[in-house]
Every structure is written in C-alpha cells, then in structure tokens.
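Here is the structure we will look at, set down as structure tokens.
The values are calculated or read from the model by the stated rules, or taken from the named source; none is laboratory data. Keep in mind that what you see is a predicted model, and the values were worked out from it rather than measured. Please note: Cβ atoms are built from the backbone with ideal geometry, for glycine as well, and neighbour counts cover all protein chains shown.
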Amino acid sequence: MPHVIPVSRIRALFLGLALLFAVVFVIGGQQLFAESLPLADGLVLTEIYRDYEGDTWFPSYDRSRWRQRQREPHAASDGTKFDFVLYEPTA
C-alpha cells in the first residue's frame, strides 16, 4: 500500500510546481502566504515605509530564521520610500 501524507491543497500545488520550475513566486493573499512560508527557500519582499489601511497582511514570521542578502532602496513619485529586499534562510 502506498504511503499517503495529508497536505493542504496549497502545499500540494507548490510541491507539484516545484517539480516543474526551479523558482516559484507566491504573490498573495494572506492565507496563501501563511501556508507557503514554511516551504520557502527565500523571501523577496517589498518593504514600504508608510502605513496603509487594508485587510490583508503578510503573516508574522520568525525573522531570526532569515538574513538579508540584498536591499534596493527606492522612492515613489509621491515620496513614499520603499525597499526591494531579498532574504535567505540563516540555516
């Protein structure tokens, strides 16, 4: 009898995509981020230095597991500062 490991549909999707592609990007929403974060080999984030009202946020995560590899500072036409940041696992 084959071994069956129950996984969410999201994780099953990522496992399938990982067989086809070397890199898979997750572009939201909140539940998708939360379910895919434990599978991540890296994070590519936009850090915006301004507060916005909204109902969807990137989930809390253990920042000690990640180290910054690259940061590109930018400013929008309205002066809002933001950075594109690449994180890699610490282990």
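Filtered by the rule that a residue be surrounded by 11 or more Cβ atoms within 10 Å (Cβ to Cβ), free of Cβ contacts under 8 Å to residues at least 12 places away in the same chain and under 19 Å from TRP66 (Cβ atoms), the stretch 10-25 gives a lone residue, VAL24.
Every residue in the stretch 55-90 that is assigned to a loop (DSSP other than H, G, I, E, B), modelled with pLDDT under 95 and farther than 16 Å from ASP41 by Cβ, please. Selection gives ASP55, THR56, TRP57, PHE58, PRO59, SER60. Within the stretch 1-35, the set of residues being among the β-branched types (Val, Ile, Thr), at pLDDT 75 or above and farther than 18 Å from PRO59 by Cα comprises VAL23, VAL24.
Hey, could you check the stretch 33-82 for residues that are among the β-branched types (Val, Ile, Thr) and within 24 Å of ARG9 (Cα to Cα) and say which is surrounded by the fewest Cβ atoms within 10 Å (Cβ to Cβ)? Don't jump to the end; show me each part of the working.
Restricting attention to the stretch 33-82, the residues satisfying the condition of being among the β-branched types (Val, Ile, Thr) are 44, 46, 48, 56, 80.
This time we only want the ones that are within 24 Å of ARG9 (Cα to Cα), so: 44, 56.
Working: VAL44: 14, THR56: 9.
The qualifying residue surrounded by the fewest Cβ atoms within 10 Å (Cβ to Cβ) is THR56.
For the residues ILE10, ILE27, the requirement of being in a helix (DSSP H, G or I) and either of a type in the set (Val, Ile, Thr) or in contact with a strand residue (DSSP E or B) (Cβ under 6 Å, 6 or more places away or on another chain) (or both) singles out ILE10. Residue check: ALA34 meets all listed conditions (1) assigned to a loop (DSSP other than H, G, I, E, B); (2) of a type in the set (Gly, Ala, Ser); (3) within 10 Å of the chain's Cα centre (by Cα) but one, namely (1).
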